[in-house]
């Protein structure tokens, strides 16, 4: 059976590949061991205005129904991910044990990239350990630097946060990422800021900080 890829599908595959959602895990970079830093009030990026709240994500009836809730930034557009509709591209939505279940598109707000919500059904335990593995698989074959995983408090619960930078030699793209992980009633969730490159990171970071600050974990 012949598979036809639309331009949108090709673009999606490209963005997944260069924005930290690679399925290449056979030669992963090895991040440093997690350090412990407890923080309940994340600092906003220096010199960048805080994001204005837009749509609510995660609640029943929202664009993405999740086991936790948070606020998307104004003009960012959340969308649930249907792996069946992705066809042969579905593997690009998997990062180790995690699967993308929702993505919030920054394009309507003027940036190229996403905030992606990944969920590992039934997985539990220390968020830092799972986030470190997520980061390692996400990096894949790309060169990595400035990797870090810390224990934090998010939504009044124990969580973890990671940051890392990569160089994709194939596309000559340098990217910077940050993500947080937390336990939910359905499994470990990872929320990742996935900009196209380092140039998009600064403008998109306030939206990530807003999401992190407004997390409410469902009982």
### Residue list for segment 105-127, filter: more than 23 Å from residue 150 (Cα to Cα) and under 12 Å from the mean Cα position of the chain (by Cα)
105, 113
#### Entry: Filtered residue count, segment 97-140, keeping only those that are within 22 Å of residue 200 (Cα to Cα) and not in a helix (DSSP H, G or I)
16
### Summary
residue 142 fails exactly one of (1) surrounded by fewer than 21 Cβ atoms within 10 Å (Cβ to Cβ); (2) more than 16 Å from residue 210 (Cα to Cα); (3) modelled with pLDDT under 95; (4) touching a strand residue (DSSP E or B) at 6+ places or on another chain (Cβ under 9 Å), namely (1)
### Task
Being over 8 Å from the mean Cα position of the chain (by Cα) and under 13 Å from residue 98 (Cα atoms) is the filter here, so list the residues in segment 184-200 that pass it.
186, 187, 188, 189
### Query
Somewhere in segment 163-175, is a residue assigned to a loop (DSSP other than H, G, I, E, B), at pLDDT 95 or above and either within 23 Å of residue 73 (Cβ to Cβ) or in contact with a strand residue (DSSP E or B) (Cβ under 7 Å, 6 or more places away or on another chain) (or both)?
no
### Query
Does residue 169 satisfy being more than 15 Å from the chain's Cα centre (by Cα), surrounded by fewer than 17 Cβ atoms within 10 Å (Cβ to Cβ) and within 18 Å of residue 64 (Cα to Cα)?
no
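The values are calculated or read from the model by the stated rules, or taken from the named source; none is laboratory data. None of these values were measured; they are calculated from a predicted model. Reconstructed Cβ throughout: ideal geometry from the backbone, glycine too, with neighbour counts over all protein chains shown.
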